[in-house]
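J.: Submitted below is the structure of interest, expressed as structure tokens.
No lab work stands behind these numbers, since they all come straight from the coordinates. Everything numeric here is computed off the predicted structure, so don't read it as measured data. Using ideal geometry, Cβ is built from the backbone for each residue, glycine included, and neighbour counts are taken over all protein chains shown.
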Amino acid sequence: MVRLLSRQQIDDAAYDRCVALSPQRLVYAFSWYMDVVSPGWELLVEGDYEYVMPLPVRRRYGVKSVIQPLFCHQLGVFSAGETPNSSVLSRFLEALHQHIRYIPSYQFNTFNSAGLVADSVHPIPLTNHVLNLQKPYAELAAGYSKDRKNNLKRGLQREWAFDDTTDIAPLIDLFQKYNTAGIGRVAPQAYDQLRQLVAVLQNRQQVTIRVAMQNGQIEAGCLLVTDVNRIIHLFCAASPEGRKGNARTVILDQFIREYAGQPLWLDFESPEVETLAAFNRSFGAEPEPYVRLVSNQLPDSVRFLHRMKQWLQQTLFPR
């Protein structure tokens, strides 16, 4: 039977052991990560933590809701043994809908995708991009697109100065100044959450922040989260000078060179924006499907308020 546990009821050691041993392992799902991106998260669990499904719960319209957090690309069902089949996923979906009436967005990991597509929930198909780093660097670099190779050459000619730093503030400043166009309003607490997440990752030695500088001025940077099976390009920013000088291309190429030949995947965390997805594909990254679940079982009166709120947001804060 699938049970719902509050945050206080979760056995962190048993839960994290399941995630760590899971073929679906993702750093986002660990308890310490969820505590940052979704304080008060809850858990669907079956058996003695044989199967687990973390739920980023929040209150919306007075009801418990599940909303995919920022800096948390995929969650879903994790198992300490075999990959969950469609029967297991159906049990968890049934429990999810039993306890949660409003799900604006919940993104299942790639390993759950096939079982969910076969189900009757009609999830929204999405595409991430990942690069298998087990090959030698020369072979990986040969897989770059022609344009990416040319941009890398131009970037190397700019003679950027690079530095690994513990300070995320310069990247946040660049992002706020130059990289928010087209994504709408960003809540101030999102940046506070990123700062907190970086601090936790730094304590665990699972993050690298690399910046590109000219004349002592930071013009671009990338934040990389590391885990035993994949490294995740979680956050980046660049000034117009940084973009013009292909600084991010050079930084990502450095990371690929440094991790080449290891049993790792570089996860680009591709958004559903074609220009950004094309940038990630240009490094030879391959598509990795995953799905998003959206469900609204709210009463008609609450749905009306929800539509009004969406209309106001689109009117006052157009993208």
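J.: For the chain, modelled as a GNM with alpha-carbon contacts under 10 angstrom, which of Leu26, Leu264, Leu55 fluctuates the most?
T.: Judging by the Gaussian network model, the answer is Leu264.
J.: Give, to the nearest whole percent, the P(r) tail of the chain beyond 30 angstrom, counting all Cα pairs.
T.: When all Cα pairs of the chain are counted, 38 percent exceed 30 Å.
J.: Can you compute the helix-only [θ] at 222 nm over the chain? Use -39500 (n - 2.57) per DSSP H run of at least 4 residues, normalise by all residues, nearest 500 deg cm²/dmol.
T.: Calculated mean residue ellipticity at 222 nm is -11500 deg cm²/dmol.
J.: Using each residue's phi in region 55-71, evaluate 6.51 cos²θ - 1.76 cosθ + 1.60 at θ = phi - 60° and report the 3J(HN,Hα) Karplus result to the nearest Hz, with x for Gly and Pro.
T.: Working through the residues one at a time gives 10, x, 8, 8, 9, 9, 6, x, 10, 5, 10, 10, 9, 4, x, 5, 6 Hz.
J.: Could you give the angle, 0 to 90 degrees to the nearest 10, between helix 300-316's Cα long axis and the longest principal axis of the Cα atoms of the chain?
T.: 20
J.: Same structure again: Could you give each residue of region 4-21 its phi-based ³J(HN,Hα) in whole Hz, using Karplus coefficients 6.51, -1.76, 1.60 with θ = phi - 60°, and x for Gly or Pro?
T.: My calculation for region 4-21 gives 9, 10, 6, 4, 5, 8, 6, 7, 4, 5, 5, 5, 5, 5, 4, 5, 5, 8 Hz in order.
J.: Considering only Val19, Val200, Val77, give the residue with the highest GNM mean-square fluctuation for the chain, with springs between Cα atoms whenever their separation is below 10 Å.
T.: Per the Cα network of the chain with a 10 Å cutoff, Val200 tops the list.
J.: Using only Cα atoms and rounding to the nearest 10 degrees, what angle (0 to 90) does helix 188-203 make with the longest principal axis of the chain?
T.: The answer is roughly 80 degrees.
J.: Okay, next question. Step through the table entries Lys146/Lys244; Lys149/Lys177; Lys135/Lys244, compare each Cα-Cα distance with 26 Å, and write down the pairs that go over it.
T.: Exceeds cut-off: Lys149/Lys177; Lys135/Lys244.
J.: Given C-alpha coordinates of region 111-175, what is the ratio Rg to Rh with the Kirkwood estimate of Rh?
T.: Using only Cα positions, Rg/Rh for region 111-175 is 1.16.
J.: Still on this structure, please answer the following. Per residue of region 256-268, what does 6.51 cos²θ - 1.76 cosθ + 1.60 with θ = phi - 60° give for ³J(HN,Hα)? Whole Hz please, x for Gly and Pro, Karplus curve as stated.
T.: 4, 4, 5, 9, 4, x, 9, x, 9, 10, 8, 9, 7
J.: Where in region 37-63 does the label zone of Arg3 land, with the point 7 angstrom along Cα→C-beta and an amide N cut-off under 14 Å?
T.: 43-53
J.: Separate question: Measuring from label point to label point, each 7 Å out along Cα→Cβ, what is the Asn132 to Gln205 span in nm?
T.: Calculated label separation equals 3.0 nm.
J.: At a Förster distance of 30 Å, what's the computed FRET efficiency of Arg58 paired with Glu82, Cβ-Cβ distance as r, to 0.05?
T.: Approximately 0.40, to the nearest 0.05.
J.: How are the C-alpha pair distances of region 134-263 spread across 5 Å bins, as whole percents from the shortest bin up?
T.: Reading upward from the zero bin: 2, 10, 19, 21, 21, 15, 10, 3, 0.
J.: Most fluctuating residue of Ile209, Ile124, Ile218 in a GNM of the chain with Cα springs under 10 Å: which is it?
T.: With Cα springs under 10 Å in the chain, the top fluctuation among Ile209, Ile124, Ile218 is at Ile124.
J.: What value in Å³ per residue do you get for the convex hull of the alpha-carbon atoms in region 195-300?
T.: Per residue, the Cα convex hull of region 195-300 comes to 185 Å³.
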